[in-house]
Amino acid sequence: MKKIRLLLFLVLLAPIIGFSQNIVLPNINVPGGISVGAISGAILSENLIGPRKILFFGDQSVLRKEEFGKKSLEFGFSTPNIDRLATRYSGKIFSPGIIEPFVFENKTPEELSLMEIVVFPRILEQPYTLFIDLAVQASSKPVQNNQSDDAGIYTAKINISLIKI
């Protein structure tokens with residue numbers, strides 16, 4: 001049985017105020033299974049004025065678990081063994097105050113970190129609030145695969161930055 005927890009921290013760097021949100025995914029009970037968790041309407045930032053560029057970043061956005069006691073040797077150095085689950089993100093960034101929502105589907109953490117989203121308000125000098133709907137899908141490797149996907153708590157962190165344009 002595989003327990004999965006996604007600690008999703010939405011960190012905002014443009015305004016000094018930051019928000020965070022946690023998502024807990026259901027357990028994956030069968031090797032090769034899939035687990036999906038979602039949040040709806042999480043606040044990215046409030047009282048924004050003007051257009052913003054939204055960037056996803058962080059090298060910890062893959063669900064992973066460090067295995068204690070198991071070490072692999074690389075070039076004479078002992079390093080901890082880390083199990084990683086295939087992780088995909090889908091979602092929508094929206095607000096009644098912006099021209100149109102941005103929708104993304106089944107993005108790997110690498111693809112997510114390459115995205116640059118620009119949102120424009122309907123009225124330039126009117127404050128608006130940005131929201132995000134986010135779904136996270138994780139899948140484990142099947143039994144036949146030699147790589148381990150041991151049971152345990154897997155965590156990930158995704159950071160979102162809002163930059164004033």
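For (1) surrounded by fewer than 16 Cβ atoms within 10 Å (Cβ to Cβ); (2) at pLDDT below 85; (3) out of contact with any Cys (no Cβ under 6 Å at 6 or more places or on another chain), each residue gets a yes or a no:
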position	(1), (2), (3)
L10	no, yes, yes
F19	no, yes, yes
K53	yes, no, yes
F56	no, no, yes
P96	yes, no, yes
E111	yes, no, yes
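Taking the stretch 147-165 as the search range and keeping residues that are under 16 Å from D59 (Cβ atoms) and of a type outside the set (S, T, N, Q), which one is surrounded by the fewest Cβ atoms within 10 Å (Cβ to Cβ)?
Start the filter on the stretch 147-165 by keeping residues that are under 16 Å from D59 (Cβ atoms), which leaves 154-161.
Going one step further and asking which of them are of a type outside the set (S, T, N, Q), we end up with 154, 156-158, 160.
Values: Y154: 27, A156: 25, K157: 16, I158: 25, I160: 26.
Across the stretch 147-165, the extreme among qualifying residues is K157.
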Next item on the list: Keeping to the stretch 122-146, report how many residues are out of contact with any Ser or Thr (no Cβ under 8 Å at 6 or more places or on another chain), buried (at least 17 other Cβ atoms within 10 Å of the Cβ) and not hydrophobic (A, V, I, L, M, F, W, C).
Entry: 1
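Can you confirm whether the stretch 108-121 contains a residue that is assigned to a strand (DSSP E or B), more than 22 Å from P51 (Cβ to Cβ), among the hydrophobic types (A, V, I, L, M, F, W, C) and over 13 Å from the mean Cα position of the chain (by Cα)? Walk me through how you get there before you give the answer.
Let us first name the residues in the stretch 108-121 that are assigned to a strand (DSSP E or B), namely 116-119, 121.
From the residues that got through so far, the ones that are more than 22 Å from P51 (Cβ to Cβ) too are none.
No, every residue in the stretch 108-121 fails to be assigned to a strand (DSSP E or B), more than 22 Å from P51 (Cβ to Cβ), among the hydrophobic types (A, V, I, L, M, F, W, C) and over 13 Å from the mean Cα position of the chain (by Cα).
The values are calculated or read from the model by the stated rules, or taken from the named source; none is laboratory data. Nothing here was measured: the structure is a model prediction, and the numbers come from that model. Don't worry about glycine lacking a Cβ; one is built from the backbone with ideal geometry, like all the others, and counts go over all protein chains shown.
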